[in-house]
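Asks: Structure provided below as structure tokens; questions to follow.
The values are calculated or read from the model by the stated rules, or taken from the named source; none is laboratory data. Computed from a predicted structure; not experimentally measured. Every residue, glycine among them, receives a Cβ derived from its backbone with ideal geometry; neighbour counts consider all protein chains shown.
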Amino acid sequence: MRSIRAAAVGAVTMSLALAASACGGGSSTGGGSDDSPKTLTYWASNQGASIAVDKKVLQPELDKFEKQTGVKVKLEVVPWSDLLNRILTATTSGQGPDVLNIGNTWSASLQATGALLPWNAENFAKIGGKDRFVDSALGSTGASDKDPAAVPLYSMAYALYYNKKMFAEAGISKPPTTWDELVADGRKLSKDGKWGLGAEGSNPSENIHHAFVFARQHGAEFFTADGKADFTNDGVVTAVKQYVDLMAKDKIIAPGNAEYAQNQSVSDFAKGKNAMLLWQSAAANLKSQGLSEDDYGIAPVPVQSGTPGTGDQINSMVAGINLAVFKNTHNTDGATKFVKFMTSDAEQKILNTAYTSIPPVKTAQEDPAFNSPANAVLKDTLAKSAAALPQVADESQFETAVGTAIKELFATAAAGRPVSADTVKSALQKAQQQMPAK
Amino acid sequence: MSSQHASPMAPPRSFLWSRRIFLTLLTGFVLLPVYVMVSSSLKPLADVTGKFRWLPSGLTLRPYVDIWSTVPLARYFVNSLIVAGVATVASVVIAVFSAYAVSRYDFRGKRVFTVTVLSTQMFPGILFLLPLFLIYVNIGNATGIALFGSRGGLILTYLTFSLPFSIWMLIGYFDSVPRDLDEAALVDGCGPLGALFRVVVPAAVPGIVAVAVYAFMTAWGEVLFASVMTNDTTRTLAVGLQGYSTLNDVYWNQIMAASLVVSVPVVAGFLLLQRYLVAGLTAGAVK
Amino acid sequence: MTTTAPAAADVRKDSPGAAARDPRRPGRIRRIGLPYLLLLPALFLELLVHLVPMVIGIVMSFKELTQFYIRDWGAAPWSGLRNYRMSVDFDAPVGEALLHSFLVTIAFTVLSVGLCWLIGTTAAVYMQETFRGRGLLRALFLVPYALPVYAAVITWVFMFQHDNGLVNHVLHDQLHLTDKPSFWLIGDNSFYALLTVSVWKGWPFAFLIVMAGLQNIPGELYEAAALDGAGRWQQIRRITLPSLRPVNQVLVLVLFLWTFNDFNTPYVLFGKTAPAAADLISVHIYQASFVTWNFGTGSAMSVLLLLFLLVVTGVYLVLTSRGRRTSDV
């Protein structure tokens, strides 16, 4: 018995000692410092066709930065599947990169952890001022009553990609502008093993992006004005049902898409299995799969009726990547300089061209390089009819809970079982109850 | 004596027939995924993205060339080899010491030790993932020894994962090595460690090999801790293989080729050593 | 034939006199110190990697450890038993989901362990005596166990694909057993997909252990039975299976713990969020912790899980060892 007690006491003492020291976590270097001015670590998200492609795009630019400032940037491209986990562990331990990419929808969630350097007026001044950035992109950088947690780096918007040849064969002369038209066109196109539209049914984030737009088109929001989850209001239920019905009722999405989560719908589109695709800035991706820009057209995402605009006429979320500085950096000065470099006009042009995204920096956006018809649609959408996902601290839980609920709804639809308004509502109710209590 | 004690009578036909049917079905079940892995790794991409085909439309070795450039597979391979190799050696040595102490000595706390070590088999990994990660970070901050994100941290973790089962098996094995042997060695002037290494260890080779194989497989296949505790340069195969699902397409043929490449060393080693494994288990675990 | 964990098998009284069996070693300190010295590395590692983190995990389960506090978790507010109350409130969604996941895990574990044991034992018994090709077959059968988990499971993922997988090709296109291709990785079938993979991966371990156990059955028993006129099937029933009892006791326990806690298989099969029908508790807790950023609740769930496993293991050991003792008498 005595030895049991001794072992227990030992373990507890040791753990408490470690726990006490663990409390240091992030606070000890809370404000950042300039201890190691010569190096930076940069976590880039996977934007190109593969990690190798990203390295090829980014490395020359980092070398340029080193030449200009003498600061060496160590690059790590983190796959999307790992990125949020890596940021979480970095936050918990206080050991992370100096500068990192975040999906812009995570801004408010990560802002709440306090791990990211706030971009107050003073910090913005160091990179040329807040006014350099487009408003819609700034709308997705954190809660509106706080200083932004990150600055916009690449902007993207959803558009409707359609296969010109398949449209011609089906006798469709122009891309649909309303959902009714899209469904009608989709029915004409869905035959002989080909389908009207592609979707990523098992990818919670994709589901959220679409559900959000549908909800806005029905005048509904997922969160109340004071930030409470409100997933079961009629507008949201109708919206989610309309999205899932594209497979369940309208049958213009192949049931197999219910298990897609790794961009299979994009390669299906490239192979001509789907005639339409709702995607953000797919050009580079489609090109790398051998689909020429002449083979497909690009149009705004449909609305319920009328033309895209604000309010109920929203037809895209503000998609994009933000650049953040980790508060625990040992090189705040270098990190800020690096952000300034990455958001400079010259770099914005190079990087956004490589990734076929739109620069969130006004002056760079005006460059003729971004005036192609495809980019015109994306630019127009971003400027006029895109809205930011809810900038609330629980955003990442919302993506998981609702995105997974829609995934299960797609699974139900794919199995041939009916998806009624009640089915949708109870799935959303369950998702809502999983949200942190307020 | 590991004799095959077939019963003296010839088996009846019902036995032979049922055996034939059962073993045939089982072989099919076991080999099906192996066949898929091998055949798909030789298929062009169109064959694995379209309807499944039993036979490739054309054989290609392309996937085996491409796997090395799509993700830095060679680096992951080296990482896994180092991590699993060092963890295995260390785990075996430490387990030998512990098992010898428990098998040959009586001391206060022996029971607590064995029960505690064995009960760690029950711990859900998820319970101590985050705390362990915090401990490594804090050790790093306090001493400058980088455990988090390094191969060292992963080695310590994996070697501990395989310890309980290894110690338990070796205790059983050492118990079966007659004590007279170490007594004789002690009479010859060996110290206790001399007796361990000159007498007990050589007599327990099958058990030790079995433990080593187990430790290596544990380290080679672990996913959860590897995904949190490694970075770009220290990533192991278990996590690295996810890189084949790129933004473009799911390269199933490359995934299968890479899976095959990373499986070959373990499977080959395992099959070469399986005789020891059965012998080791016979004496150690199921005695 | 002792068989339990050595803890139970080899307990002598902790008296200093026991060490006197080894009179040659000089010095009392060394005599007492040596075993501890030998255990030191293992003890240190167990503390570092298993025990202390577990204690920290338990501490965390009493905290409100959400995204607002993970940066400095020492400062996270204590939440008392709230995480536990939330986990076991089966009328509310969090508890309900946990209970559902728990029941799915139990069903999955029982079926998987049962099938692994059944297939493993049958194969081992059939292969007890030599026949042509036995060595090759034995090697083949061990392949699923030897394959790294992710390599094996990812192959199954490919086979279970809706559009381009082997399973649907065989069941639907070739055998016409289903009127349309089924989904295996989403929806209700995912449970069977998971079970199939788990059994495929796990039965060779049972096979290996039972095979080892069979070698310890003395040949005279069979000879005696044969003299009594027992046929092959009777020998299996009267000698082989009873002799395997002690082996089975350990085997089933080990399989149970490994299957119950298995994270790798469902994670590689389904990703971060498993379908409801195959929502194993390990992935469920992972999701509660890492995907929804609530490490306090996640820890509380893990502690509950650990308590459950402790109770089950304890009861199991008591029951099986008592059963054996009475049957031995």
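Asks: Would you please name the residue that is surrounded by the most Cβ atoms within 10 Å (Cβ to Cβ), looking only at residues in the range A:325-337 that are touching an Asp or Glu at 6+ places or on another chain (Cβ under 8 Å) and part of a helix (DSSP H, G or I)? Outline the logic, then answer.
Replies: Start the filter on the range A:325-337 by keeping residues that are touching an Asp or Glu at 6+ places or on another chain (Cβ under 8 Å), which leaves A:325-326, A:329-335.
From what is left, the residues that are part of a helix (DSSP H, G or I) are A:332-335.
Details: A:332: 22, A:333: 15, A:334: 25, A:335: 27.
By that ranking, first place goes to A:335.
Asks: On the given criteria, is residue B:114 assigned to a helix (DSSP H, G or I), buried (at least 20 other Cβ atoms within 10 Å of the Cβ) and modelled with pLDDT of 90 or more?
Replies: In short, no.
Asks: Those residues that are among the small types (Gly, Ala, Ser) and under 20 Å from residue A:254 (Cα atoms), I need them from the range A:202-238; list them, please. Break it down stepwise before answering.
Replies: First pass over the range A:202-238, keeping only residues among the small types (Gly, Ala, Ser): A:202, A:205, A:211, A:215, A:219-220, A:225, A:227, A:229, A:235.
Correct list: A:202, A:205, A:211.
Asks: Considering only the range A:177-189, how many residues are touching a strand residue (DSSP E or B) at 6+ places or on another chain (Cβ under 9 Å) and either crowded, with 21+ Cβ neighbours inside 10 Å or assigned to a helix (DSSP H, G or I) (or both)?
Replies: Going through the range A:177-189 one residue at a time, the tally reaches 8.
Asks: Consider the range C:200-241. How many of its residues are among the aliphatic types (A, V, I, L, M), loosely packed, with under 15 Cβ neighbours inside 10 Å and over 16 Å from residue C:121 (Cα atoms)?
Replies: As a first pass, look at the range C:200-241 and keep what is among the aliphatic types (A, V, I, L, M): C:206, C:208-212, C:214, C:217, C:221, C:224-227, C:230, C:236, C:239, C:241.
Filter again for loosely packed, with under 15 Cβ neighbours inside 10 Å, leaving C:224, C:227, C:241.
Subsequent filtering for residues that are over 16 Å from residue C:121 (Cα atoms) retains C:224, C:227.
Count: 2.
Asks: So for the range B:130-140 (the condition being more than 7 Å from every other protein chain (Cβ to nearest Cβ) and at pLDDT below 85), does at least one residue qualify?
Replies: yes
Asks: Tell me which of these residue B:106 doesn't satisfy, since it passes every other one: (1) outside any loop (DSSP other than H, G, I, E, B); (2) of a type outside the set (Val, Ile, Thr); (3) touching a Lys or Arg at 6+ places or on another chain (Cβ under 9 Å).
Replies: (1)
Asks: Another question, if that's okay. Being surrounded by fewer than 24 Cβ atoms within 10 Å (Cβ to Cβ) and either under 25 Å from residue C:270 (Cβ atoms) or of a type in the set (S, T, N, Q) (or both) narrows it down to one residue among A:257, A:203; which is it? It would help to see each step written out before you state the result.
Replies: Values: A:257 fails: surrounded by fewer than 24 Cβ atoms within 10 Å (Cβ to Cβ).
The match here is A:203.
Asks: On to the next question. Quick one: in the range A:144-188, of everything that is within 30 Å of residue A:338 (Cβ to Cβ) and polar (S, T, N, Q), which residue is nearest to the chain's Cα centre (by Cα)? Walk me through how you get there before you give the answer.
Replies: Within the range A:144-188, the subset within 30 Å of residue A:338 (Cβ to Cβ) is A:144-158.
Still in the list and also polar (S, T, N, Q): A:144, A:155.
Numbers: A:144: 18, A:155: 10 Å.
Looking at the filtered set, the residue picked out is A:155.
Asks: Shifting gears a bit: Restricting the first residue to the range C:30-59 and requiring it to be more than 7 Å from every other protein chain (Cβ to nearest Cβ) and under 20 Å from residue B:171 (Cβ atoms), which pairs with a second residue that is buried (at least 21 other Cβ atoms within 10 Å of the Cβ) and acidic (Asp, Glu) meet a Cβ separation below 8 Å and a spacing of at least six or different chains?
Replies: Partner pairs satisfying both residue conditions: none exist.
Asks: Please go through (1) within 14 Å of another protein chain (Cβ to nearest Cβ); (2) closer than 27 Å to residue C:274 by Cα; (3) small (Gly, Ala, Ser) for residue A:239 and return the number of the only condition it doesn't satisfy.
Replies: Going through the list (1) within 14 Å of another protein chain (Cβ to nearest Cβ); (2) closer than 27 Å to residue C:274 by Cα; (3) small (Gly, Ala, Ser), residue A:239 breaks only (1).
Asks: Against the definition (part of a helix (DSSP H, G or I) and either hydroxyl-bearing (Ser, Thr, Tyr) or in contact with a Pro (Cβ under 8 Å, 6 or more places away or on another chain) (or both)), how does residue A:356 come out, yes or no?
Replies: no
Asks: Output yes when any residue across the range A:282-297 is among the basic types (Lys, Arg), in the same structural domain as residue A:195 (by TED's automatic domain parsing) and outside any strand (DSSP E or B), and no when none is. Write out each step before concluding.
Replies: The initial filter retains those residues of the range A:282-297 that are among the basic types (Lys, Arg), namely A:287.
Still in the running and in the same structural domain as residue A:195 (by TED's automatic domain parsing): A:287.
Then keep just the ones that are outside any strand (DSSP E or B); that gives A:287.
Yes, there is a match, as at least one residue in the range A:282-297 is among the basic types (Lys, Arg), in the same structural domain as residue A:195 (by TED's automatic domain parsing) and outside any strand (DSSP E or B).
Asks: Report, by residue number, each residue of the range A:35-93 that is in a loop (DSSP other than H, G, I, E, B), facing chain B (nearest Cβ under 10 Å) and in contact (Cβ under 8 Å) with a residue 60 or more places away in the chain.
Replies: Applying the first criterion (in a loop (DSSP other than H, G, I, E, B)) to the range A:35-93 yields A:35-38, A:46-50, A:70-71, A:79.
If we keep only those that are facing chain B (nearest Cβ under 10 Å) too, we end up with A:46-50, A:79.
Once the filter is applied, which keeps residues that are in a loop (DSSP other than H, G, I, E, B), facing chain B (nearest Cβ under 10 Å) and in contact (Cβ under 8 Å) with a residue 60 or more places away in the chain, the range A:35-93 yields A:47, A:48, A:49.
Asks: Still on this model: If you check residue C:247 against the conditions, is it part of a helix (DSSP H, G or I) and within 30 Å of residue A:84 (Cβ to Cβ)?
Replies: Judged against the criteria, residue C:247 is not a match.
Asks: Residue A:363 versus (1) surrounded by 20 or more Cβ atoms within 10 Å (Cβ to Cβ); (2) touching a helix residue (DSSP H, G or I) at 6+ places or on another chain (Cβ under 6 Å); (3) modelled with pLDDT of 90 or more: which is the lone unmet condition?
Replies: Only one criterion is unmet by residue A:363, namely (1).
Asks: Would you pick out the residues in the range A:409-432 that are surrounded by fewer than 17 Cβ atoms within 10 Å (Cβ to Cβ) and within 7 Å of chain C (Cβ to nearest Cβ)?
Replies: Step one: of the range A:409-432, the residues surrounded by fewer than 17 Cβ atoms within 10 Å (Cβ to Cβ) are A:415-418, A:420-422, A:426, A:429.
Result: A:415, single match.
Asks: Checking residue C:273 against (1) within 24 Å of residue A:411 (Cβ to Cβ); (2) modelled with pLDDT under 90; (3) within 9 Å of chain B (Cβ to nearest Cβ), which single condition isn't satisfied?
Replies: Status for residue C:273: all satisfied but (3).
Asks: Among the residues in the range A:381-394, are any in contact (Cβ under 8 Å) with a residue 40 or more places away in the chain, among the acidic types (Asp, Glu), closer than 24 Å to residue A:103 by Cβ and not in a helix (DSSP H, G or I)?
Replies: Yes: the range A:381-394 contains one or more residues that are in contact (Cβ under 8 Å) with a residue 40 or more places away in the chain, among the acidic types (Asp, Glu), closer than 24 Å to residue A:103 by Cβ and not in a helix (DSSP H, G or I).
Asks: Okay, moving on. What are the pairs, 6+ residues apart or on separate chains, where a residue within the range C:62-75 that is acidic (Asp, Glu) has its Cβ under 8 Å from a residue that is assigned to a strand (DSSP E or B)?
Replies: Filtered contacts from the range C:62-75: C:64/C:78.
Asks: So, one more: Can you pull out every residue in the range A:124-147 that is assigned to a loop (DSSP other than H, G, I, E, B) and either of a type in the set (Lys, Arg) or not assigned by TED's automatic domain parsing to the domain that holds residue A:90 (or both)? Steps first, please.
Replies: Here is the first cut: in the range A:124-147, the ones assigned to a loop (DSSP other than H, G, I, E, B) are A:127-129, A:134, A:139-147.
Within the range A:124-147, just A:146 meets the criteria.
Asks: Working carefully through the options A:121, A:211, A:150, find the one that is more than 18 Å from residue A:296 (Cα to Cα) and in the same structural domain as residue A:402 (by TED's automatic domain parsing). First the steps, then the outcome.
Replies: Numbers: A:121 fails: in the same structural domain as residue A:402 (by TED's automatic domain parsing); A:150 fails: in the same structural domain as residue A:402 (by TED's automatic domain parsing).
A:211 is the lone residue from the list that is more than 18 Å from residue A:296 (Cα to Cα) and in the same structural domain as residue A:402 (by TED's automatic domain parsing).
Asks: Within the range A:202-215, is there a residue that is hydrophobic (A, V, I, L, M, F, W, C), touching a His at 6+ places or on another chain (Cβ under 7 Å) and closer than 16 Å to residue A:419 by Cβ?
Replies: Within the range A:202-215, none of the residues are hydrophobic (A, V, I, L, M, F, W, C), touching a His at 6+ places or on another chain (Cβ under 7 Å) and closer than 16 Å to residue A:419 by Cβ.
Asks: Being surrounded by fewer than 23 Cβ atoms within 10 Å (Cβ to Cβ) and within 11 Å of chain A (Cβ to nearest Cβ) is the filter here; which residues of the range C:72-85 pass it? Quick ask: steps written out before the conclusion?
Replies: First, the residues of the range C:72-85 that are surrounded by fewer than 23 Cβ atoms within 10 Å (Cβ to Cβ): C:72, C:74-82, C:84-85.
C:72, C:74, C:75, C:76, C:82, listed by residue number.
Asks: Counting only residues that are away from chain C (no Cβ under 14 Å) and charged (D, E, K, R), how many does the range A:252-293 have?
Replies: So the count comes out to 2.
Asks: Okay, next question. Mind checking which residues of the range B:96-113 are under 22 Å from the mean Cα position of the chain (by Cα) and either within 7 Å of another protein chain (Cβ to nearest Cβ) or not hydrophobic (A, V, I, L, M, F, W, C) (or both)?
Replies: Result: B:97, B:98.
Asks: Can you tell me which condition residue C:291 does not meet? The list is (1) buried (at least 24 other Cβ atoms within 10 Å of the Cβ); (2) facing another protein chain (nearest Cβ under 9 Å); (3) under 30 Å from residue A:82 (Cβ atoms), and all the others hold.
Replies: So residue C:291 meets the others, but not (1).
Asks: Any residue at all in the range C:214-224 that is over 30 Å from residue B:125 (Cβ atoms), β-branched (Val, Ile, Thr) and at the interface with chain B (Cβ under 9 Å from one of its Cβ atoms)?
Replies: yes
Asks: Working carefully through the options A:401, A:374, find the one that is away from chain C (no Cβ under 14 Å), crowded, with 18+ Cβ neighbours inside 10 Å, among the small types (Gly, Ala, Ser) and not in a loop (DSSP other than H, G, I, E, B).
Replies: Result of the check over A:401, A:374: A:374.
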